[in-house]
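Here the structure comes first, spelled out in structure tokens, and everything after it is commentary.
We did not get these values from a lab; they are worked out from the coordinates using the rules stated. Quick caveat: nothing in here was measured; it's all calculated off a predicted structure. Cβ placement follows ideal geometry from the backbone for every residue including glycine, while neighbour counts extend to all protein chains displayed.
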Amino acid sequence: MRVGVVSDVHNNAEALSYALDSLRGCELILSLGDLVSQYRATPEILSLARDAQLTGIVGNHEKTILAPCGTPVRSRLAADDLNYLVALPHGREMEIDGRKLSISHGAPWDDPDDMGCEYVFESDTAKMKRLAATPADIVLIGHTHFGMLLRAGGKLLLNPGSCGEARDAARRLSFAELDFAAGKATVYEIRHGSPPEPMLIEEF
Ligand SMILES: [Mn+2]
């Protein structure tokens, strides 16, 4: 089974379309939150998400729109788009090919009632240790907009980076793919006008 992973799209329909095109053949595509951007949820991004049956969770930007302060944004959304957002859970746990997946926007220990989410950067030893203690085989996070792929504590830790709003020095947009049959995880850089380039590769 092949699983695509996108995160932090921030209304970038062009980048999401590119990623979805590259991930054709994946049986499941996960979205790790922040599909939309604060006080903006474009109908285009939500119809792309619904058409691709993105299996999503909320990020801090969805939380904002779903909170009382997001009422004006929600009132402008079509029913189908609003329903998609409202149905998003805070996080997900699932099992694929005998592996347990933990899926969260910032960190598995994020408070569902808090609008903020934790930033877990690879350079933060304490947070990385806590991430590696998550009771799962594959731990998926987003929010930092930095691609990360490594093994720690017998687990695979993956952040696909941002598929829409580059924040790293090289201004890279990225997404990821988990190939369960091959036991291979890849973070791909989006290359405008050409096929994606593998950026990080790890076995699991
Ligand atoms: Mn975020």
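Which pairs in the list Lys63/Lys100; Lys100/Lys184; Lys129/Lys155; Lys63/Lys155 are over 22 Å apart, alpha-carbon to alpha-carbon? Display every interim value, and only then the final one.
Values: Lys63/Lys100 26 Å; Lys100/Lys184 16 Å; Lys129/Lys155 11 Å; Lys63/Lys155 29 Å.
As for pairs spanning more than 22 Å Cα to Cα, those are Lys63/Lys100; Lys63/Lys155.
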Next item on the list: Enter the Cα centre distance for the pair the stretch 177-197 and the stretch 1-64, rounded to the nearest angstrom.
Entry: 16
Notebook entry, point to check: Considering only DSSP states other than H, G, I, E and B, which GluC sites (Glu not before Pro) in the stretch 1-107 qualify as loop sites with at most 10 other Cβ atoms within 10 Å?
Noted result: Glu27
Check: So for Ser104, Ser47, fewest C-beta neighbours within 10 Å to most, what's the order?
Finding: Ser47, Ser104
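For Ser123 and Ile96, what is the calculated FRET efficiency with R₀ set at 35 Å and r taken between the beta-carbons, to the nearest 0.05?
Taking R0 as 35 Å, the efficiency between Ser123 and Ile96 is 0.75.
On average, how much area does the Cα convex hull of the stretch 17-113 cover when viewed from any direction, in nm²?
If you wrap the Cα atoms of the stretch 17-113 in a convex hull and average its projections, you get 6.7 nm².
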Item checked: For the stretch 99-158: Kirkwood Rh in Å [reciprocal of mean 1/r, alpha carbons] -> 11.5
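Quick one: longest stretch of the chain between exposed loop trypsin sites (Lys or Arg not before Pro), exposed meaning at most 14 other C-beta atoms within 10 Å and loop per DSSP?
By the stated rule (loop sites, at most 14 other Cβ atoms within 10 Å), 25-166.
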Next item on the list: Identify the chymotrypsin sites (Phe, Trp or Tyr not before Pro) of the stretch 1-92 meeting these criteria: DSSP loop state and at most 12 other C-beta atoms within 10 Å of the C-beta.
Entry: Tyr39
Next item on the list: Springs between alpha-carbon atoms under 10 Å, Gaussian network over the chain: tell me which of Ala176, Ala78, Ala133 tops the mean-square fluctuations.
Entry: Ala78
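Going through the stretch 141-181, which chymotrypsin sites (Phe, Trp or Tyr not before Pro) have at most 10 other Cβ atoms within 10 Å and a DSSP loop state? The partial results should precede the final answer.
Values: sites: Phe146, Phe175, Phe180; in loops: Phe146, Phe180.
When the chymotrypsin sites (Phe, Trp or Tyr not before Pro) of the stretch 141-181 are filtered for loop state and at most 10 Cβ neighbours within 10 Å, nothing remains.
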Item checked: Label-zone membership for the stretch 2-18, site Glu44, 7 angstrom Cα→C-beta point, backbone N under 11 Å -> 11-17
Notebook entry, point to check: Using modelled amide H (1.01 Å from N, peptide plane; none on Pro or chain starts), what sits under 5 Å from the amide H of Ile57, excluding residues fewer than 5 places away?
Noted result: Ser31, Gly33
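Among Leu28, Leu200, what is the fewest-to-most ranking by other Cβ atoms within 10 Å? Could the numbers behind the result be given before it?
Numbers: Leu28 16, Leu200 19.
Fewest-to-most ranking of Leu28, Leu200: Leu28, Leu200.
Quick one: order Cys26, Cys117, Cys163 by neighbouring beta-carbon count within 10 Å, fewest to most. Write down the numbers at each step before the final one.
Working: Cys26 18, Cys117 24, Cys163 30.
Placing the least packed residue first, the sequence is Cys26, Cys117, Cys163.
Kirkwood hydrodynamic radius for the chain: how many Å is it when counted over pairs of different Cα atoms? List each step's numbers first, then the result.
Working: mean 1/r = 0.0598 Å⁻¹.
After inverting the pairwise mean of 1/r, the radius is 16.7 Å.
Given the DSSP H assignment, sum -39500 (n - 2.57) over each helix run of at least 4 residues in the chain and divide by its residue total; what's the result at 222 nm in deg cm²/dmol, nearest 500?
Values: 6 runs with 48 residues, N = 204.
Only helices count here, giving -6500 deg cm²/dmol.
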